1. Mind checking which residues of segment A:421-452 are of a type in the set (A, V, I, L, M) and not in a helix (DSSP H, G or I)?
2. Show the residue pairs meeting these rules: Cβ distance below 9 Å; 6+ apart or different chains; first residue within segment B:68-86 and among the β-branched types (V, I, T); second residue surrounded by 24 or more Cβ atoms within 10 Å (Cβ to Cβ) and not in a helix (DSSP H, G or I).
3. Would you check if A:K237 is under 24 Å from C:A74 (Cβ atoms), more than 14 Å from chain C (Cβ to nearest Cβ) and touching a helix residue (DSSP H, G or I) at 6+ places or on another chain (Cβ under 6 Å)?
4. Of the residues B:E187, B:E181, which single one is surrounded by fewer than 24 Cβ atoms within 10 Å (Cβ to Cβ) and more than 21 Å from B:L72 (Cα to Cα)?
5. Which members of segment C:11-20 meet the condition of being more than 7 Å from chain A (Cβ to nearest Cβ) and in contact (Cβ under 8 Å) with a residue 24 or more places away in the chain?
6. In this structure, is B:A284 out of contact with any Cys (no Cβ under 9 Å at 6 or more places or on another chain), within 30 Å of B:H346 (Cα to Cα) and not in a helix (DSSP H, G or I)?
7. Being farther than 16 Å from A:T121 by Cβ and of a type in the set (G, A, S) is the filter here; which residues of segment A:44-74 pass it?
Amino acid sequence: MTFYELVQNSLRDSLGTSIPAFAPELLLCATIVMLLLGRMFSGGRSNLAYVIMMVGCLAAFVVAWRTDAPEKPVEIFTGMLVHDSFALFMRRLLLLFVILFTSFTRLSGTPDRQTATEFYTLILGATLGMCLMVSANHMLIVFLGIEMASVPSYALVGVIKERRVSAEAALKFAVFGGGAAGVMLYGISLLVGTLGTAHLPTMSVRLAELLGSSAGSEYHPILVLAGLMIMVGFAFKLSAVPFHFWTPDVFEGATAEVAAFLSIASKAAALALLLRVTLGLGHVPSTLDTPTTVPVRYAVSEDAGTATAESASVSGLVTDSNAALLPARQYSAWLIALFAAVTCTFGNLAAYGQDNMKRLLAYSTIAHAGYMLMPVAAAILLAGTDPEASRFTVAAIGFYIAVYLFMNLGAFALVAFLRNELGSEQLPDYAGLARRSPGFVICAAVVMFSLVGLPPLAGFAAKFAIFAQTYEAGLLSLVVIGVLNTLFSLFYYLRVVKTMVLDPEPEGRPAPTIRIWSNAGFYCALIAVLLVALGVFWNPLFAEAQFAASMLLP
Amino acid sequence: MTFAVLSGFLAAVVVPFLPRFGRYGTGRTVALVPAALTAYFGSYIQPVGAGETFRTSYAWAPALRVEFSLHLDGLGLLFALLVSGIGALVAIYAGGYLSGHRHLGRFYGFLLFFMASMLGVVLADNMLTLFVFWELTSLTSYLLIGFDHEREESRKAAWQALLVTGGGGLALLAGLLMLGEAAGTMELSELASRGGDVRSHALYLPILLLILLGAFTKSAQFPFHFWLPSAMEAPAPVSAYLHSATMVKAGVYLLARLSPAMAGTDAWWYLVTLGGTATMVCGAYLALCGTDLKRILAYSTVSALGVLVMLLGMGSVLAAQAAMVFLLAHALYKGALFMVAGAVDHETGSRDVDRLGGLWRAMPVTAAAAVLAALSMAGIAPFFGFLGKEMLLEASLESGGRWFLLPVVVLAGAVFVAVACMAGFRVFFGSSLPTPKQPHEAPLSLWLGPLLASAVGLALGLFASYAAAWIVSPAATAILGERTGHQPLKLALWHGLTPALALSGGSILLGLLVYANRGRILQMNRRLEVLLRHGPAWWYDLALGGLNRFALAQTRLLQTGYLRHYLLVIFAATVGLSGYVLIGSVELPARLLGPEIRFHEAALAGLLLLAALAAVRSSTRLAAVAALGVVGYGVALVFILYGAPDLAMTQFAIETLTVILLVLVLYRLPRYAVLSSRWVRIRDAAFALVTGATVTALVLAAVHGPAYESVSRYYAERSFAEAHGRNIVNVILVDFRALDTLGEITVLAVAAVGVHALLKLRPKNREDAA
Amino acid sequence: MNNELALLNNYLVVGAVLFGIGAIGFLSRRNMIVMFLAAEMMLQGISVSLVAWSRYHNDFGGQMFVVFIITVAACEAAIALALILMLFRASGSLDIAVWHHLREANQPAYVDEEIPEPPPGDTAAWPRLVPAGIEPEIDREDTDHRPHV
């Protein structure tokens, strides 16, 4: 191959396949540039930043919406990213979230005009990282995506410079983030080094060879250690116990808007990435087609290379290697199930006595991370025995993520709107709100009931789907823990509703009224209606999630 | 049918705005909805009685096998008629009871919402549909009990009811999920034919337990019965509707619905029958000991629910038929009695049976309704209650081997008689007692409901054969499933002189006896109170409080807000996890200690350890420095022993230098102070030991892994050949690793400059400060 | 081949030790700057082992990884330093123990052991080295707030 051909090939690959699939992210990048330029011209006096942000995100969303899912997973950018229906689903979800989030920040008035440019730039940067996370196909992107999502978040938390607490929150976040990133990276280096490649599908092939060979047991400790360390990084992003410590403090210190972003987008992306990595490592793809041009060579020693080719061509061997991966699947499922059980229980119990709404929601976020980890363990276990059921489980998770997005956005939105009205984020100050803003309180009740998972709201549908699939995988004890925890969670979510509806109004409080026809009220009503609608008609969204999962475990 | 179920929800949305258009007559307007529904379901009596069933279904989430499907058969029809019929009566009643109340419209909204949910429960075919409506009834019940939300007790009772029934509902969800998995269908109507699969499934017992948990909490079975009496804080219409006639029967309905698939095993018999019996006894006793009219009725409801559950547990044909008859009778008379109790409370301001009497003069119509209902409750012919009791006794007689049921049932029947006397006669007859409000006759809306309900009870008794053929029999058929057809139900007031009749008469006599001796029972109860204080309610409070405290304590323990604690926990968790994993998978080198340990080696190791300990433990600085020096020299000795004299020399030199330096600066450093508490130090020490052990294990594991060849031979072979030096270390330092050495020297130089700068800064500061 | 493996092992051990020292420093130090330096050290340890692996496997994936790690580390360091500056301005201390205002509502503040001030009477002369070069001007204000950690 001449140099000219090489250039031609790489151009064709980039322009033909990769760039079109990557267009939404590129639009986000362009929006960042526009934001910074806009700042130069407007000097932070007008709403220009908001307008640019909104237009950019809408454009990106429309492009993502109109991008068709390929027939089968396509590796783009020489195997760094994968373009499939799951990535597309998650990116659409993330972009939709950013649009909703932007309008939410506009309504709640944070950030103000002075800080809007920085705020939105950081949000976009983090979103970009998350988009990378959900389509990662290479350990480098895994690490890079997590860091790209995390580093702007540290700055976001500290964005209100006058408040001491937000500085402290940023400090705690950054300290934990830095430590977790280091540990995770070490795990990645161990795994990548042992397997000799960082390309996820190839890694699974190598892992199967290693575990299947007689020398496999010698590598157990190092693999186990690597898995554990990588899981630490994920646990940090998902705020799974005991790597959750930053969550309540950071949420309390940051503004409700930033907390919403951290609680939703970064959880969703981390969960998708966890699925990608665990399912990618626990399953050998039956068709391992290498991209046409591979500037960076992954193939290493000769014998490993031939073994790859063989296992790729003969499907019988693939089943063998999938059987060989059983210990890897069991280990990761065990680890994740452990995290899920502990996280869920701790989160729910800790939320119990909280008076600060943001802390309460932080613990609720932790608890939900626990719920969401349960089906992940199930999906991994099922991947070996019944790929169809495993895909279905992933669909349930995708559905849960989508519903969780709306629920938590609603919860944080009402905290932010009430903060603007009351100047307080303490639950006791919400007492008796139903007297003056009944419509708003009904929306709040819908959101809270949905977070509990009471029928017929969307939260119930989502919870039902994941519990059913967890049971399907035979993880009965996890289901029991989940159900028990749902009971615990009833206490504190309903306490919020009870305080708003039943408790008498405190004396001397300014009388807040959020009319349902005001912008803020309408926003909350919209989310509440969505939650009810999704609870009653969940099939369209679930079908979408099923399509998203259909290309996993090729 | 779908519209019939959902119309309640629609109406519930509209109704709250009704009072704005006219203060009066709202109750009667609202009652049109349930009345229309009653008529609608009434039209099904004919075809269902002939054995037809109806089913509609809509796809909901087909991928998860979830459908919105409704199914109408005899059992569902009986309940649907109860729900809508009594709903109509209660709606009228509530208009009078709460007339002029600020939130009357809201109350009606909740009430209709509940009615629609309850209809959904009894008509649902898909288990998920059932669960959705099931939880909606819990939720509306919460809103209705807490309707009087200004009162603390009422809020607390609502909360308690929601937690108990909602929590049970979650268990039910898990149970239904597993049941669906075991049976291979989520449709209740198909379940009956899959009974064999279910009963032989490996998880039958857990499934049964979870479902029973759901049903028992909902139907206030022992030991979850405590929420029902507390729920009497609700307004009387709610008590009459939810807590006697409909919602508490949802658990019974569920057991009846599932019995074709699940009944017939030993586990079912013991759990359900004994649970029901215990509830029956416990409820009966507590009913006798009460003085509050509504509480007495509530406990007797608990007892009656126990009877129903017990009958369903027996599983015989007769028992199933008896259960349906008793259920219908109970719903009619108990609903009526609750409404009467509400009317009495409304008109006199008191519900204490000991402070009421002779009300018949002031409230003749209400009294008539009460007497009719009480007679039915006592089981006097020709009321429908008589038939219920008769069949109950027959079913118990039939159960043969399980002899203990019979006396218990007779006793319970006696208590019903006594309660009927209290609620129906004591209050209205005898001498008049002063009451907080001057009693006068209740308005039409307050007595119409109870009177109609008890009249229906009488009519059903009189035309028992029709009731049997059209209503009770289809319902019993649905319960019996495959075993149907053995024994057509015959209901008649006169069966001839049967043992059941004798027992019935006996129980009435016994009941009158009990009523006459009520004072003594109350006295005895006071002595037993110590025992009763630790009932389920006490445990509930304890568990709730305990959970609360535990939650707070664990949060406080972990979430100190102090970064270093967080890091400690995280690190401990990581070490613990990796340690746990590694213990299983790593085999340590078998010969960690070679066999040929020589004495001086062991002695040296001991010395090193001792010195290290001394350095850590010593309380003076000088001793610590000296101990540290010993450690350093010991390490140098180790080098000598392992054939590295030049390294040892270097170590000696460095060690000496360090000690001298330390001693030089020692007196300028602050004295030793113990800054941490003893506990903290012990914790840190333990933590350090564990961490050290884990790290050692990790290093061993890493070294153990791939084959390892020492580099020393490489240097040994080449040091003379390539660098012409015999001292390998020197050669390495100045030849092989010359660049490293240069780098190291540079680092030292930089460090020296830094030290110099620091030292120069300090004294000036001091002087300025001084 | 054996030589290669030995080399790999050596570098891996160095990497692990660097990582371990970094982790210990990260956990045990209270000075914020030192903590972040320790975190950087962890990343350097990883870089060492990645490069070693890359050499062992004879590909450039690992080195490519390291380039990205360095970039990311620089970003993190920039954010961290800005943050530290902000915190220092707010509290006048680099001690991380100062920052525990965010905690459970009814939780008493945890008081870590204070670093004791040197006794006031200790005015002994410090060893003076021979002056060399020009003594830097020192801002009084800075020295007052200099942390003792």
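1. Within segment A:421-452, just A:A431 meets the criteria.
2. Once the first residue is among the β-branched types (V, I, T) and sits in segment B:68-86, its partners that are surrounded by 24 or more Cβ atoms within 10 Å (Cβ to Cβ) and not in a helix (DSSP H, G or I) give B:V83/B:T246; B:I86/B:T246.
3. Criteria met by A:K237.
4. Among B:E187, B:E181, only B:E181 is surrounded by fewer than 24 Cβ atoms within 10 Å (Cβ to Cβ) and more than 21 Å from B:L72 (Cα to Cα).
5. C:Y11, C:L12, C:V14, C:G15, C:A16, C:V17, C:L18, C:G20
6. no
7. Listed by number, the residues that qualify are A:S46, A:A59, A:A64, A:A69.
Here's the yes/no breakdown for (1) surrounded by 24 or more Cβ atoms within 10 Å (Cβ to Cβ); (2) more than 13 Å from chain C (Cβ to nearest Cβ); (3) over 30 Å from A:A265 (Cα atoms); (4) at pLDDT 90 or above:
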| position | (1), (2), (3), (4) |
| --- | --- |
| A:S166 | no, no, no, no |
| A:V175 | yes, no, no, no |
| A:G178 | yes, no, no, no |
| A:S189 | yes, no, no, no |
| A:V192 | yes, no, no, no |
| A:L207 | yes, yes, yes, no |
| A:G212 | no, yes, yes, no |
| A:H220 | no, yes, yes, no |
| A:L225 | no, no, no, no |
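The values are calculated or read from the model by the stated rules, or taken from the named source; none is laboratory data. Just so we're clear, the structure is a prediction, and the values are computed from it rather than from any experiment. Counting neighbours? That spans all protein chains shown, and the Cβs are built from the backbone with ideal geometry, glycine included.
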